[in-house]
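> There's a structure below that I have some questions on.
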Amino acid sequence: MTPYTVQFPENRSGLLYRTDHVNLLPRAHQHDELELNVVFSGTLTYAVGSSRYDLQEGSCLWLFPSQPHMIIAASSQVQMLVAVFKKDLIEQLDLSSWAGELARSTVSQVSCRTLSPENLERIRELYEQIIGGPQAAVYADSGLRWLLVSAWKAYGEAEDASSTGMHAALIRALQLMRAHPDYSTDRLAELIHISRSHLSRLFHEQTGTCLQDYRNRIRLERFFVLYERERNCLHAALDAGFGSYAQFYRVCKKNLGLSPRTYIQQHYGDSRNT
């Protein structure tokens, strides 16, 4: 698997952001850096290797360089912290005595636990201090180091989260759908060498959603990429694969809880061509 290249801010030893709209990853990927995910609200489902992890408020997931991962489902109101730490930042810390695992390049076991409400709030407050303080740019790397230490300490006090094994056919189906979102269920089943009914049942059992809903979520994400360029709601919806504006409207309302016009006005400040 070709490593994914993370784009870091200039002269920074890591990347830190908070998101309220999670994009489904196009395919399983891995990168050379340690990644931290902390869920503040909402739910999402990660596939890490051949296992599935259902994350919710308080979930803390560490992803190591050797672990291919992808988001396969997410609620419309997810809020989560994502931090990626360069190797040199980790090497600056003496982790051997209490957190040597963080410095490893290969880890066989997935590290996912549920933080206590108190520790979750501490991580939330720390994030706000790092990105919102008057000297945020000056102390960015110091803040990342403190976040790394604090999150690992909170993780050590937390309970393990459960995982579910994922069928190899499902993993292949997810990859094909991301690469070819217009493939029919029959075509997917043919390529994976299982029956249509088995694929539909397996998909729902292991992702919690049906094939059509997942396909529409991919189209919705494609819409926003196209809208950034076109700034025309109808054209972007049709080019994203929706059969009509009415279908696009229903999918948008179901996944985002808002009409296309309202969502675009709130997130883009743009009322033209909506």
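> Find the residue count for segment 160-178, including only residues that are within 15 Å of Tyr53 (Cβ to Cβ) and either among the polar types (S, T, N, Q) or not in a helix (DSSP H, G or I) (or both).
Here the count works out to 7.
> Take segment 179-193 and flag every residue that is over 15 Å from Gln212 (Cβ atoms) and buried (at least 18 other Cβ atoms within 10 Å of the Cβ).
Within segment 179-193, Ile192 is the sole residue that qualifies.
> Where in segment 179-274 are the helices (runs of 4 or more DSSP H), entirely inside, with at least 1 residues that are β-branched (Val, Ile, Thr)?
Qualifying helices (runs of 4 or more DSSP H): 185-192, 196-207, 211-230, 245-256, 260-268.
> Can you tell me which of Gly208, Gly257 is touching a residue at least 40 places away in the same chain (Cβ under 8 Å) and under 23 Å from Ala47 (Cβ atoms)?
The conditions single out Gly208.
> Now for a separate question. Can you tell me which residues in segment 34-74 are under 23 Å from Ala169 (Cα atoms), part of a loop (DSSP other than H, G, I, E, B) and touching a residue at least 60 places away in the same chain (Cβ under 8 Å)?
Within segment 34-74, Gly49, Ser50, Pro68 meet the criteria.
> Could I ask something else about it? Among the numbered criteria (1) farther than 21 Å from Gln77 by Cβ; (2) at pLDDT below 85, which single criterion is violated by Leu258?
Evaluating Leu258 over (1) farther than 21 Å from Gln77 by Cβ; (2) at pLDDT below 85 leaves (1) as the failure.
> Find all pairs meeting these conditions: Cβ atoms under 6 angstrom apart; at least six residues apart or on different chains; first residue within segment 138-157 and over 15 Å from Glu33 (Cβ atoms); second residue outside any helix (DSSP H, G or I) and of a type in the set (Lys, Arg).
Filtered contacts from segment 138-157: Ala140/Arg12; Tyr155/Arg113.
> Has segment 215-237 got any residue that is among the hydrophobic types (A, V, I, L, M, F, W, C), touching a Lys or Arg at 6+ places or on another chain (Cβ under 9 Å), more than 30 Å from Asn119 (Cα to Cα) and free of Cβ contacts under 8 Å to residues at least 40 places away in the same chain?
Yes, segment 215-237 contains a residue that is among the hydrophobic types (A, V, I, L, M, F, W, C), touching a Lys or Arg at 6+ places or on another chain (Cβ under 9 Å), more than 30 Å from Asn119 (Cα to Cα) and free of Cβ contacts under 8 Å to residues at least 40 places away in the same chain.
> Of Leu176, Leu147, Leu211, which residue is under 30 Å from Asn11 (Cβ atoms) and out of contact with any Lys or Arg (no Cβ under 6 Å at 6 or more places or on another chain)?
Leu147
> Could you tell me which residue of segment 48-96 is surrounded by the fewest Cβ atoms within 10 Å (Cβ to Cβ), considering only residues that are among the hydrophobic types (A, V, I, L, M, F, W, C) and more than 26 Å from Arg122 (Cβ to Cβ)?
Of everything passing the filter in segment 48-96, Met70 is surrounded by the fewest Cβ atoms within 10 Å (Cβ to Cβ).
> At pLDDT below 90, buried (at least 20 other Cβ atoms within 10 Å of the Cβ) and farther than 26 Å from Ser197 by Cβ: is that true of Phe223 in this structure?
Against the criterion (at pLDDT below 90, buried (at least 20 other Cβ atoms within 10 Å of the Cβ) and farther than 26 Å from Ser197 by Cβ), Phe223 qualifies.
The values are calculated or read from the model by the stated rules, or taken from the named source; none is laboratory data. A quick note: this is a predicted structure, and the numbers were derived from the prediction, not measured. Here Cβ is always computed from backbone atoms with ideal geometry, including for glycine, and neighbour counts include all displayed protein chains.
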